[in-house]
Amino acid sequence: MGRVHVRRSHFGKKPSNWLAVAALILCAQGALKLSYSKENKRITNQANFGREETALFPRTIWSSQPGPLTPEITRVREELGEQQMNQLGDLCGRTLYHGIMNVVVSHGFGRYAFFSTGDLPLMWIRDSAFQIGSLIPRINRRPALRSTVEGGIRLQAFYIIQDPYANGFYPEWRDPEKENEEDKRLGRGGWVGVRNYELDSGGFFLSLLWDYYTSGEYGVRFLLEDPMIFDAVNVLVDTWIVEQNHNESSPYRFVELPNDGLGREVGYTGMIWSGFRPSDDANTYGYSIPSNMFVAAGIEKALVLNKNVWESEDLHTKMSELLHQVETGIQQYGIVEVEKGVKVYAYEVDGLGNFLADFDDPNWPSIVSIPLLGWSKYSHKIYQITKSRILSEKNRYFFKGKFLSGLGSPHTAAGMIWALGAFSEALTADTVRLKVKTIQTLLQLQCSDGLMHESIHVDDPSKCTRRWFEWANALVVTTAEHLTGIDCDKSAERLYRISLSKRGSRIPEGGLQNGQSRATHRQSIEAHVQHGGKYVSKVEDWKGIGWTI
């Protein structure tokens, strides 16, 4: 039997026959079973989606509502004290909606929404997944955000279909033939702004689909039934299958990689090859362990989505086989011995016996962030050993200075620690003391302008990179809400009303005339999303990647 569609217009009308009535009743009771049909290649499914399946894979922490206050959260609040709690509330209030007020452009009444990463006028799949995800829990309070969220997800799907190897995209199409020679050499043009193949980008898309589907918001299924969403998932999976055999099958080449752009030689592991890290730096070895873990988590979720939404037998078969091979590869190649009897998770391996260990890049997915990635099959014991070594002098990118300490990256200069590393430490900390310490570090990363940044110097907190970094702005909200119970939406609304009152207090030159009032129209925060027109960066003095403010 083919798929049954029940439209609202069917109700209240005289049915043409009793068979139709019976079908409608069965649908309403959730008892109708949809069987596999050779014509449309659907797999067996239940009409009602079991809540236990949703609970099996919780939403990512950055897309989730925080839980109730616990004794541990209360202790964190007490240790921070009133002054630091107020500072944290103001910080997350400033950052929560900074993105939609400054770097988002919506088109077609929310059909598509462009999310710039901040001071770079491009939309990264990964960065925007955090930006979009952080808005999902706000839709209930601010329904106008629904179109922005759904438009962002659709645009991610559109970009992925254009080029699954790209990671950063332009807000408007650019004629590839008119790009300069350097941009052509780097694969730029059309919609593609950066073509560094980073495996994690696709994992973030799958997790974002799951987070929205399980959010409890009305009508989320309609977005996932958009053919473009289904096509994007298929394109990703097909690309990943190719990249399991990178040396033999991959069409991807990039000028910054050795071996004529193919990258260093790798052996088959079952895992998926990636050319670049989430930092946009080239991999040392082709298989990123945290990225493969994250993609495995995304495939697990996509299998459930396919069962309940897309119902494609072919996609089910491809994802099931891919998941098994990736997970087998992680377990077989991802755990390495660094000292006699000491086993850790490698950051990267090549399947030929080489590996990079006692190293982590703070950009997610990272080794320290493993518990936040949604893949439950990792070893907690090995993770704890690995984490303790990474957050020590055994990792040459762990920096300590006069004021700060934390994870740095080859992407920035020595002594620069990353906010993303501090978030990983805070959200995986297992003691109140560590949570308080990392939150206090975050408060020092504002670089005197009240926002989050990419990195900051351990000896000079006034020296930092990336004036606007919306990924970090989104994660400080996650950290504040989940570790301290602060309501960042209330903080944002309070600060916004203060800014409006200051605007309303200004009196025109010559005073108020003819009964003029001080009152000003109070538009909502979400009314500041730009609708239509070109994206124009508001950071006029940006001087390039790595520029220190």
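The values are calculated or read from the model by the stated rules, or taken from the named source; none is laboratory data. All values reported here derive from a predicted model rather than from experimental measurement. Positions of Cβ are generated from backbone atoms using ideal geometry, with glycine treated the same way; all protein chains shown enter the neighbour counts. Just so you know, the surface numbers come from the protein's heavy atoms only, side chains and all, with ligands and any DNA or RNA stripped out. Shrake-Rupley method; radii C 1.70, N 1.55, O 1.52, S 1.80 Å.
For segment 446-461, a tally of residues being within 22 Å of the chain's Cα centre (by Cα) and either charged (D, E, K, R) or open to solvent by 20 Å² or more (accessible area, probe 1.4 Å) (or both) returns 2.
Are any residues in segment 245-269 open to solvent by 60 Å² or more (accessible area, probe 1.4 Å) and farther than 21 Å from residue 356 by Cα, and if so, which ones? Hits for segment 245-269 are 248, 249, 251, 253, 255, 260.
For segment 369-412, residues that are touching a strand residue (DSSP E or B) at 6+ places or on another chain (Cβ under 9 Å) and either of a type in the set (Val, Ile, Thr) or touching a residue at least 60 places away in the same chain (Cβ under 8 Å) (or both) total 9. When 176, 227, 164 are screened for being of a type outside the set (A, V, I, L, M), surrounded by fewer than 17 Cβ atoms within 10 Å (Cβ to Cβ) and within 28 Å of residue 307 (Cα to Cα), only 227 passes. Of everything in segment 230-241 that is open to solvent by 50 Å² or more (accessible area, probe 1.4 Å) and among the hydrophobic types (A, V, I, L, M, F, W, C), the residue that is nearest to the chain's Cα centre (by Cα) is 230. Return a yes/no flag: does segment 488-505 have any residue that is in contact with a helix residue (DSSP H, G or I) (Cβ under 7 Å, 6 or more places away or on another chain), among the basic types (Lys, Arg) and open to solvent by 10 Å² or more (accessible area, probe 1.4 Å). Among the residues of segment 488-505, at least one is in contact with a helix residue (DSSP H, G or I) (Cβ under 7 Å, 6 or more places away or on another chain), among the basic types (Lys, Arg) and open to solvent by 10 Å² or more (accessible area, probe 1.4 Å), which makes the answer yes. Just to be sure, is residue 405 open to solvent by 30 Å² or more (accessible area, probe 1.4 Å), of a type in the set (S, T, N, Q) and farther than 27 Å from residue 116 by Cβ? Against the criterion (open to solvent by 30 Å² or more (accessible area, probe 1.4 Å), of a type in the set (S, T, N, Q) and farther than 27 Å from residue 116 by Cβ), residue 405 qualifies.
Residues considered: 409, 448, 366. Of these, the only one that is polar (S, T, N, Q), in a loop (DSSP other than H, G, I, E, B), closer than 23 Å to residue 131 by Cα and in contact with a Phe, Trp or Tyr (Cβ under 7 Å, 6 or more places away or on another chain) is 409.
Restricting attention to segment 462-473, the residues that are open to solvent by 10 Å² or more (accessible area, probe 1.4 Å) and either of a type in the set (A, V, I, L, M, F, W, C) or without any contact (Cβ under 8 Å) to a residue 12 or more places away in the chain (or both) add up to 1. Pairs linking a residue in segment 68-88 that is on the phi < 0 side of the Ramachandran plot to a residue that is open to solvent by 50 Å² or more (accessible area, probe 1.4 Å), with Cβ atoms under 8 Å and 6 or more positions apart or on different chains, are 79/433; 80/440; 84/440; 85/77.
Name every residue in segment 371-401 that is outside any helix (DSSP H, G or I) and either at pLDDT below 95 or under 30 Å from residue 209 (Cα atoms) (or both), in order of residue number.
Of all residues in segment 371-401, those outside any helix (DSSP H, G or I) come to 373-379, 391-401.
Hits for segment 371-401 are 373, 374, 375, 376, 377, 378, 379.
Picking from residues in segment 143-161 that are open to solvent by 20 Å² or more (accessible area, probe 1.4 Å) and either touching a Ser or Thr at 6+ places or on another chain (Cβ under 8 Å) or among the hydroxyl-bearing types (Ser, Thr, Tyr) (or both), the one that is nearest to residue 254 (Cα to Cα) is 147.
For the structure I just gave you, tell me whether residue 440 is farther than 21 Å from residue 141 by Cβ, open to solvent by 40 Å² or more (accessible area, probe 1.4 Å), of a type in the set (S, T, N, Q) and in contact with a strand residue (DSSP E or B) (Cβ under 9 Å, 6 or more places away or on another chain). It is false that residue 440 is farther than 21 Å from residue 141 by Cβ, open to solvent by 40 Å² or more (accessible area, probe 1.4 Å), of a type in the set (S, T, N, Q) and in contact with a strand residue (DSSP E or B) (Cβ under 9 Å, 6 or more places away or on another chain).
Of the residues 327, 321, which single one is within 15 Å of residue 292 (Cα to Cα), assigned to a helix (DSSP H, G or I) and without any contact (Cβ under 8 Å) to a residue 40 or more places away in the chain?
Details: 327 fails: without any contact (Cβ under 8 Å) to a residue 40 or more places away in the chain.
Only one candidate passes the filter, namely 321.
Only one entry in 119, 127, 200, 211 is open to solvent by less than 10 Å² (accessible area, probe 1.4 Å), modelled with pLDDT under 95, acidic (Asp, Glu) and within 23 Å of residue 472 (Cβ to Cβ), namely 119. Scanning segment 281-297 for residues that are part of a loop (DSSP other than H, G, I, E, B) and touching a strand residue (DSSP E or B) at 6+ places or on another chain (Cβ under 7 Å) gives 283, 284, 285. Pairs are defined by a Cβ separation below 6 Å, a sequence spacing of at least 6 or placement on different chains, a first member in segment 347-368 that is farther than 21 Å from residue 415 by Cβ, and a second member that is among the small types (Gly, Ala, Ser); the pairs so defined are 348/288; 350/286; 351/267; 352/267; 355/346; 357/346; 365/291. Between 323, 315, 303, the distinction of being out of contact with any Cys (no Cβ under 6 Å at 6 or more places or on another chain), open to solvent by less than 10 Å² (accessible area, probe 1.4 Å) and either at pLDDT below 95 or more than 27 Å from residue 408 (Cα to Cα) (or both) belongs to 315 only. With respect to (1) among the charged types (D, E, K, R); (2) open to solvent by less than 10 Å² (accessible area, probe 1.4 Å); (3) under 16 Å from residue 470 (Cβ atoms), the lone exception for residue 138 is condition (2).
The lone criterion from (1) outside any helix (DSSP H, G or I); (2) at pLDDT below 95 left unmet by residue 114 is number (2). For segment 529-549, the candidate set comprises residues that are surrounded by 13 or more Cβ atoms within 10 Å (Cβ to Cβ) and at pLDDT 85 or above; within that set, the residue that is farthest from residue 148 (Cα to Cα) is 535. Condition check: of a type outside the set (D, E, K, R) and in contact (Cβ under 8 Å) with a residue 24 or more places away in the chain. Does residue 189 satisfy that? Spelling it out, it is not the case that residue 189 is of a type outside the set (D, E, K, R) and in contact (Cβ under 8 Å) with a residue 24 or more places away in the chain.
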